[in-house]
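The values are calculated or read from the model by the stated rules, or taken from the named source; none is laboratory data. In this text the structure is predicted, and so the values were computed from the model without any measurement. Backbone-built Cβ (ideal geometry, glycine too); neighbour counts: all protein chains shown. SASA here: full protein model, heavy atoms, side chains in, ligands and nucleic acids out. Shrake-Rupley method; radii C 1.70, N 1.55, O 1.52, S 1.80 Å.
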Amino acid sequence: MHDPARILILYSTTDGHTAEICERIRSVLEQLGHTVRLVSLNDTVQADPGSFDKMVLGASIRYGRHRQQVYDFIARHETTLSKKPAAFFSVNVVARKPHKNQPDINPYMQKFLRQVAWRPDALAVFAGKIDYRAYRFFDRQMIRLIMYMTHGPTRSDTVADFTDWSQVDAFGRVVSAMRKSP
Ligand SMILES: Cc1cc2nc3c(=O)[nH]c(=O)nc-3n(C[C@H](O)[C@H](O)[C@H](O)COP(=O)(O)O)c2cc1C
């Protein structure tokens, strides 16, 4: 058991899967005795990371990019992020591949770390979800094409959750133990 902390979890999502992962992390942290606030990055006006002990930021990939709001948030809170223990995770379907499922070998995480000066105290990459039924025509065809090229599911009614939820639980425990890197 670690000292109870006030933890802010922020997320950037389009279809809600990153929010679901955050809910799971919240549940792990609450079971460990922490107080958690979960906020969409769309609402950050009300969430000042400075008033929390620790922070987690999670963002999904869409067409090769994390959303601009992720970078805007990091730029806005650079000083706080350098002082408080803070974690970052990325959600993408490339991470369903064993050779791309860790922060040091996932291309989106590596690109992210080249783009920001912030060095999170903990990092994770989670494989995301595909739900063709929920996508607009163009998106559905694009993702099916990407899946075809990368040997993933292409049936247009596929719902595939690639997330390893035990990995999410383990990350929750890492956040619980997280300290500021020296
Ligand atoms: C329109 C669209 C584009 C996507 N582009 C990528 C991509 O370029 N690379 C990738 O690995 N995953 C890509 N994904 C997969 C998402 O990262 C995955 O579905 C994730 O679970 C979405 O999380 P969210 O619901 O929180 O936005 C894409 C998904 C959609 C719907």
### Message
Restricting to the range 34-70, name every residue that is within 16 Å of the ligand (Cβ to nearest atom) and aromatic (F, W, Y).
### Response
Y63
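Tally the residues that are within 13 Å of the ligand (Cβ to nearest atom) and in contact (Cβ under 8 Å) with a residue 40 or more places away in the chain, restricting the search to the range 4-19. Give the derivation first.
Going residue by residue through the range 4-19, those that are within 13 Å of the ligand (Cβ to nearest atom) are 10-19.
From the residues that got through so far, the ones that are in contact (Cβ under 8 Å) with a residue 40 or more places away in the chain too are 10-15, 17-18.
Here the count works out to 8.
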### Task
Taking the options I21, I61, I9, I25, name whichever one is open to solvent by 20 Å² or more (accessible area, probe 1.4 Å) and touching a helix residue (DSSP H, G or I) at 6+ places or on another chain (Cβ under 7 Å).
I61
### Query
Any idea which of (1) more than 13 Å from the ligand (Cβ to nearest atom); (2) touching a helix residue (DSSP H, G or I) at 6+ places or on another chain (Cβ under 6 Å); (3) open to solvent by 40 Å² or more (accessible area, probe 1.4 Å) is the one V174 doesn't satisfy?
(2)
### Query
For R96, are the conditions met, namely being open to solvent by 70 Å² or more (accessible area, probe 1.4 Å) and either more than 8 Å from the ligand (Cβ to nearest atom) or within 26 Å of P49 (Cα to Cα) (or both)?
no
### Message
Restricting to the range 22-57, name every residue that is under 15 Å from the mean Cα position of the chain (by Cα) and hydroxyl-bearing (S, T, Y).
### Response
S40
### Query
When the range 111-164 is examined, which residues are found to be assigned to a helix (DSSP H, G or I) and away from the ligand (no atom under 12 Å from the Cβ)?
F112, L113, R114, Q115, Y148
#### Entry: Members of the range 131-146 that are open to solvent by 60 Å² or more (accessible area, probe 1.4 Å) and in contact with a His (Cβ under 9 Å, 6 or more places away or on another chain)
none
